[in-house]
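The values are calculated or read from the model by the stated rules, or taken from the named source; none is laboratory data. This one's a predicted model, so the numbers in the text were calculated from it and none came from an experiment. Don't worry about glycine lacking a Cβ; one is built from the backbone with ideal geometry, like all the others, and counts go over all protein chains shown.
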Amino acid sequence: MKVAVQQEDLQLLAKTLQEQLLVEVSTAEVFEVKCAVNKDGLMILTQHASDVIVDAQLIFAVIEEVLQSIAPRQEQRVQCFLRVVGEQLPYAKCFLTLKQMGIWGDGGDEEAGGDEEAISYSSSSSPSSSSSFLTYTPSIDEIEEEEVFDPFADVPNLSASKPAFQVKPILLGAALLGIVVLGGGAYFLTRPCVMSECQEIQNAEQLKTKSPQLMRRAKSEKELVAVQQQLTAASTALNIIPSWSPRYQVSEELKASLSGRSEKINQVVKALQTGSLAAEKVQTPAHSLEELQARQHLWRQVIAPLEAINSSSELYGLAQGKLLNYRVHLHAVNQQIFTEEKWLKKLTAAKAVAVSAENRQATAKSLNDWQKVQSTWLVVINTLNTIPETSAGYEEAQKLLVDYKPKLVVVRDRATKEQLAVKTYQQAVSTANQAKVYQQQNQWQAAAIYWDQALQAAKKVPQDSLYYTQAQSLIEPYSAALKQAQEKLQVVSSLQQTRTDLDKTCTNGIRICTFSIDNTGILVRLTPEYDQIRQNNSANPNSENSDTAINLTNHLQILREALAVIGENANLSLFLYDSQGQVIYTRTIN
């Protein structure tokens, strides 16, 4: 199936898709969207730079959401492609089958919108959901097969070239008819052209012979009128010939011939006069479709009698010369009517889609719903913006834009708020999951930080958003998890301080003791080196190193006291053993 579509429709669709990608895809500024049609239907190409990594499913889903906003009138196929700039072949594609008509086609008077129909996909990526779309039909000759897909290849030059037509100038010479004055008294004694020569018939016969050449030489309405006046004058002059004159029959034949030629000239003159009137009207712009249609009818009135002149007529050359100009004017009016009808259809369709947008807005219950409403309003605004000042619908379109633009702003703000709410909610859930991972790894400091971030994210979800209730349900469990993580962190921090204190206490020039901490408490064991020194001093109390023995005894007492303080600060039981495993000192927590 091959029908026509205006290039402006494709440009409008591409612009709408580009703007929607800017809203929903973070890397959309690197995309280029092109739309075209081939014999199979609408084709949409999205291109990006080679250094950009994109989600093909997301791109096709965004395109689908824009297409959902409008309903096609008849089944039509849409092909979507994703390609790297500079590459010949696309690396991802999807196929859609659309069921209803919306804002983009030119056919029919039905209103846009309607029930949404299913769209089928055949693709490496699989966008989902049902949608509706506008029918597109080709305005270019053919699009190459998808292996050499280029929507703008072989686009024909739409500017119409005017056929060359030249009329060779003909100089019109004005032949003056001499009047032979017949003398003689007999003429005055009888009726004209009865008994004497008839100058009127001679003049008429001469004009009958000369008039075809005069008619062929005429290049304007004024020159034709001059010839017509001569024919009328010659024909009127024949009226003086009475019916009993032997020349009466000849005069009647001459009158009929001259009158016939005069009537032919009169038809052309009327056409030229109507053409002048039509030419004056086109000097001022039309303000309505009805005015354009009246001009179209006027030009047809001009053209019809001139087209009826056959090639053997003396007036054929003049008629053809004028027809070229008149047909150009008629073509221009036809184009204006076609364009005006197109804009008025777009205006009507935009109003119908606006009603659909308002209905969707009234029932929106999810982020996806609000994004569809935003996309629908965007289609309406972009369509109205395309209606030019030269269109009779421009003033109404501007009034509608004043009404619709604030609605788009409200919907866009709401969609943005809902999108932010979803993002914040998802951030809270994602952060909480990471906190759980750190908690399982006993990394309580990281767990406490992430639980706090998750809690704060849940609290930031706006109250008037759709995710507020879900976010509120997260606050209590996240608060409990944060409290638990902070308590665990405090215990870990306390144990770390205990280890630091034990390490300092068990080292004094030599390694005095070793330690371990578990659920039973703090276990401290004297090193063999320290025990050996202590035993040697105990075996020789009266030696010259007796002061050293006393110092070691005092040191052991100080060590016990220091360890007791550490155990008390850590709120853990303390067990002190010598290097052989014998208990030296015990302090338990009740």
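For every residue, the table says whether it meets (1) surrounded by 14 or more Cβ atoms within 10 Å (Cβ to Cβ); (2) assigned by TED's automatic domain parsing to the domain that holds Ala271; (3) farther than 21 Å from Val227 by Cβ.
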residue: Trp299; (1), (2), (3): yes, yes, yes
residue: Val302; (1), (2), (3): yes, yes, no
residue: Pro305; (1), (2), (3): yes, yes, no
residue: Ser312; (1), (2), (3): no, yes, no
residue: Tyr316; (1), (2), (3): yes, yes, no
residue: Gln320; (1), (2), (3): yes, yes, no
residue: Tyr326; (1), (2), (3): yes, yes, yes
residue: Leu330; (1), (2), (3): yes, yes, yes
For this session: Among the residues of the stretch 519-528, count how many are farther than 16 Å from Val491 by Cβ and not in a strand (DSSP E or B).
Result: 2
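Quick grid of which residues meet (1) modelled with pLDDT under 85; (2) under 23 Å from Leu324 (Cα atoms); (3) not aliphatic (A, V, I, L, M):
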{"residue": "Ile240", "(1), (2), (3)": "no, no, no"}
{"residue": "Trp244", "(1), (2), (3)": "yes, no, yes"}
{"residue": "Val250", "(1), (2), (3)": "no, no, no"}
{"residue": "Leu258", "(1), (2), (3)": "no, no, no"}
{"residue": "Arg261", "(1), (2), (3)": "no, no, yes"}
{"residue": "Ile265", "(1), (2), (3)": "no, yes, no"}
{"residue": "Ala271", "(1), (2), (3)": "no, yes, no"}
{"residue": "Leu292", "(1), (2), (3)": "no, yes, no"}
Exercise. How many residues are under 30 Å from His297 (Cα atoms), surrounded by 14 or more Cβ atoms within 10 Å (Cβ to Cβ) and more than 60 Å from the chain's Cα centre (by Cα) if we restrict to the stretch 235-286?
Worked result: 3
Exercise. Which of the residues belonging to the stretch 485-518 are assigned to a helix (DSSP H, G or I) and surrounded by fewer than 15 Cβ atoms within 10 Å (Cβ to Cβ)?
Worked result: Glu487, Gln490, Val491, Val492, Ser493, Ser494, Leu495, Gln496, Gln497, Thr500, Asp503, Lys504
Exercise. Taking the stretch 343-390 as the region of interest, how many residues are among the charged types (D, E, K, R), assigned to a helix (DSSP H, G or I) and surrounded by fewer than 17 Cβ atoms within 10 Å (Cβ to Cβ)?
Worked result: 2
For this session: With the condition kept exactly as written, say whether any residue in the stretch 447-455 is crowded, with 18+ Cβ neighbours inside 10 Å and within 36 Å of the chain's Cα centre (by Cα).
Result: no
For this session: Go through the residues of the stretch 328-347 one by one and say whether even a single one is among the small types (Gly, Ala, Ser) and farther than 26 Å from Glu8 by Cβ.
Result: no
For this session: Search the stretch 202-245 for residues being assigned to a helix (DSSP H, G or I) and small (Gly, Ala, Ser), and hand back the single one that is farthest from Tyr316 (Cα to Cα).
Result: Ala237
